[in-house]
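Working notes, structure below.
Read-outs: derived from the displayed coordinates by stated rules, not from any lab. Note that this is a predicted model, so its numbers are computed, not measured. Here the Cβ is made from the backbone with ideal geometry for all residues, glycine too, and neighbour counts use every protein chain on show.
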């Protein structure tokens, strides 16, 4: 049976329009093109962030002048490099990847891109690793948190992100449109669809943040902690 999960990245931008968007997004680091090419060898290459998503993450880090960032889910390190490319020389990105092979690939790619000193790659399931991160890092000490990991645990990630993110900090969750299926409320809808829809509603009703869904690729839920 063919894996069809990658067929719809977004209902808003497919085919020629998707190509046009990619062609009009600058790469914040030249090695990103190499990562995209290498990812094509894997059947799950659809998990890679798109070129415009990488540009979006890069500009967010630059705009915030972020110095300390947490990422959950790295795959081949495409989003990881986009974030790291915007960090200052004393910045730090901690990225958590549950798959040991993908974690190893990310480490190699960060080294080849020349940003290995800025990135700590932690191997492990995010729900298991997060308590350790909270024990070793002060509350509200991260400028930005990017989540592109198992949708079943979005609520766990959100609770941890709210504890770790500083006032005025940025929290971004990928796949807010559930592979283009977010409006499917039928009994046949995949389990992740309801999970993402419930999560989006939870964040919308969380008065601690201002949030919106950016229509990039499969949707990126963006939330900003109200300062004070």
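Structural remarks
- Only one entry of 41, 112, 71 meets the criterion of being farther than 21 Å from residue 157 by Cα and in contact (Cβ under 8 Å) with a residue 60 or more places away in the chain, and that entry is 112.
- Number of residues in segment 182-208 that are in contact (Cβ under 8 Å) with a residue 40 or more places away in the chain, buried (at least 18 other Cβ atoms within 10 Å of the Cβ) and out of contact with any helix residue (DSSP H, G or I) (no Cβ under 6 Å at 6 or more places or on another chain) equals 1.
- Once segment 183-228 is narrowed to residues that are under 18 Å from the mean Cα position of the chain (by Cα) and part of a loop (DSSP other than H, G, I, E, B), the residue that is nearest to residue 18 (Cα to Cα) is 217.
- Test: residue in segment 139-148 that is free of Cβ contacts under 8 Å to residues at least 60 places away in the same chain, in contact with a strand residue (DSSP E or B) (Cβ under 8 Å, 6 or more places away or on another chain) and part of a helix (DSSP H, G or I): no
- Members of segment 159-181 found to be surrounded by fewer than 21 Cβ atoms within 10 Å (Cβ to Cβ) and either touching a strand residue (DSSP E or B) at 6+ places or on another chain (Cβ under 9 Å) or assigned to a strand (DSSP E or B) (or both), listed by number: 162, 166, 167, 168
A quick yes/no check of all residues on (1) within 11 Å of the chain's Cα centre (by Cα); (2) surrounded by 19 or more Cβ atoms within 10 Å (Cβ to Cβ):
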position: 37; (1), (2): no, no
position: 51; (1), (2): no, yes
position: 54; (1), (2): yes, yes
position: 63; (1), (2): no, no
position: 75; (1), (2): yes, yes
position: 79; (1), (2): yes, yes
position: 82; (1), (2): yes, yes
position: 98; (1), (2): no, yes
